[in-house]
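Single-structure report; data block below.
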Amino acid sequence: MSAAPLVSIVIPTLARVASLRRCLDSIESTVGLSHETICVTSDDDSDTRDALAGRNVRVVLERGRTGFVRAANAGFRVAAGEWLLQLNDDCRLLPHSVANAIRFLEAPAHVNVGQAAFFHDTPTLRNVYQEITLDGRAFRVHHVRGLCFANFGLVRRSLAERLGYYDERFRMYGADPDFSLKVWHEARLEVRPCPGALVEHDELVDERAGVERPQQHADNAALFAKWRM
């Protein structure tokens, strides 16, 4: 029996074959430690299934299109790694990011940190918690009401299980800040930026994004109602 991977990388994906390939290439070229990559897509997304054929990934097929949050949870539930990282299909990891995040969380000084937030090159300037510059590009981590949250974050699988993964009352948006708030308020641990963990994020404005975007207002309203913000 092969040993369990150190980290499981979960990618919900749908109809973004070119972007997904670049994401997977970045994982293959930057993650040198033991890992598994889990791609979750709809059973009617034949283009994605074909693109994943022959790749060293685990494929989870959902019946129909259930939305980002349920897809992510489907990947989390089959993950075998000690650590969990969720990526979007329009993301690319920068070198050493996963290993740096694990070292960050394992450092004795960070015993009270439950989730390491990856910096990403988003243009969003609202609610910036911390910013670093690399080769002239700004990478940011954001906050919700002053508490750092992770758009992309590393967490122990045992903690994610204890917190119930993503809250499926959200469909497309809101689940990542909500999970970080659960780390803060339910686990009584902190979410902190890891300076050595960086993600390039295209934040594509394509046909799929146009279909998903109307859900953002409802999900954000649900987030603020849940936490009484």
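The values are calculated or read from the model by the stated rules, or taken from the named source; none is laboratory data. These numbers come from a predicted model, not from an experiment. Don't worry about glycine lacking a Cβ; one is built from the backbone with ideal geometry, like all the others, and counts go over all protein chains shown.
Go through segment 29-47 and give me each residue that's of a type in the set (S, T, Y) and under 22 Å from A80 (Cβ atoms).
T30, S34, T37, T41, listed by residue number.
This table checks each residue for (1) in a strand (DSSP E or B); (2) more than 23 Å from S97 (Cβ to Cβ); (3) in contact with a Gly (Cβ under 6 Å, 6 or more places away or on another chain); (4) of a type in the set (G, A, S).
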position: Q130; (1), (2), (3), (4): yes, no, no, no
position: A138; (1), (2), (3), (4): yes, no, no, yes
position: N151; (1), (2), (3), (4): no, no, no, no
position: V155; (1), (2), (3), (4): yes, no, no, no
position: A160; (1), (2), (3), (4): no, no, no, yes
position: Y166; (1), (2), (3), (4): no, no, no, no
position: Y173; (1), (2), (3), (4): no, yes, no, no
position: L181; (1), (2), (3), (4): no, yes, no, no
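Return a yes/no flag: does segment 3-14 have any residue that is under 14 Å from the mean Cα position of the chain (by Cα) and not in a strand (DSSP E or B).
Checked segment 3-14: at least one residue is under 14 Å from the mean Cα position of the chain (by Cα) and not in a strand (DSSP E or B).
Is it true that V113 is at pLDDT below 95, closer than 27 Å to V183 by Cα and touching an Asp or Glu at 6+ places or on another chain (Cβ under 8 Å)?
Considered against the rule, which asks whether it is at pLDDT below 95, closer than 27 Å to V183 by Cα and touching an Asp or Glu at 6+ places or on another chain (Cβ under 8 Å), V113 comes out as no.
When you scan segment 23-43, how many residues do you find that are surrounded by fewer than 17 Cβ atoms within 10 Å (Cβ to Cβ) and part of a helix (DSSP H, G or I)?
So the count comes out to 4.
Can you spot a residue in segment 123-134 that is at pLDDT 95 or above, buried (at least 19 other Cβ atoms within 10 Å of the Cβ), of a type in the set (S, T, Y) and under 19 Å from the mean Cα position of the chain (by Cα)?
There is no residue in segment 123-134 that is at pLDDT 95 or above, buried (at least 19 other Cβ atoms within 10 Å of the Cβ), of a type in the set (S, T, Y) and under 19 Å from the mean Cα position of the chain (by Cα).
What number goes with the only condition from (1) within 24 Å of E161 (Cα to Cα); (2) of a type outside the set (F, W, Y); (3) modelled with pLDDT of 95 or more that A3 does not pass?
Among (1) within 24 Å of E161 (Cα to Cα); (2) of a type outside the set (F, W, Y); (3) modelled with pLDDT of 95 or more, the lone unmet condition for A3 is (3).
Considering only residues that are surrounded by 22 or more Cβ atoms within 10 Å (Cβ to Cβ) and touching a Leu at 6+ places or on another chain (Cβ under 9 Å), which ones fall in segment 135-164?
F139, F149, F152, G153, L154, V155, A160
Which of the residues spanning segment 44-102 are among the polar types (S, T, N, Q), over 14 Å from I27 (Cβ atoms) and in a helix (DSSP H, G or I)? Spell out how you get there, then give the answer.
Filtering segment 44-102 down to residues among the polar types (S, T, N, Q) leaves 46, 48, 56, 66, 73, 86, 88, 97, 100.
Subsequent filtering for residues that are over 14 Å from I27 (Cβ atoms) retains 46, 48, 66, 73, 100.
Passing the criteria: S46, T48, N73, N100.
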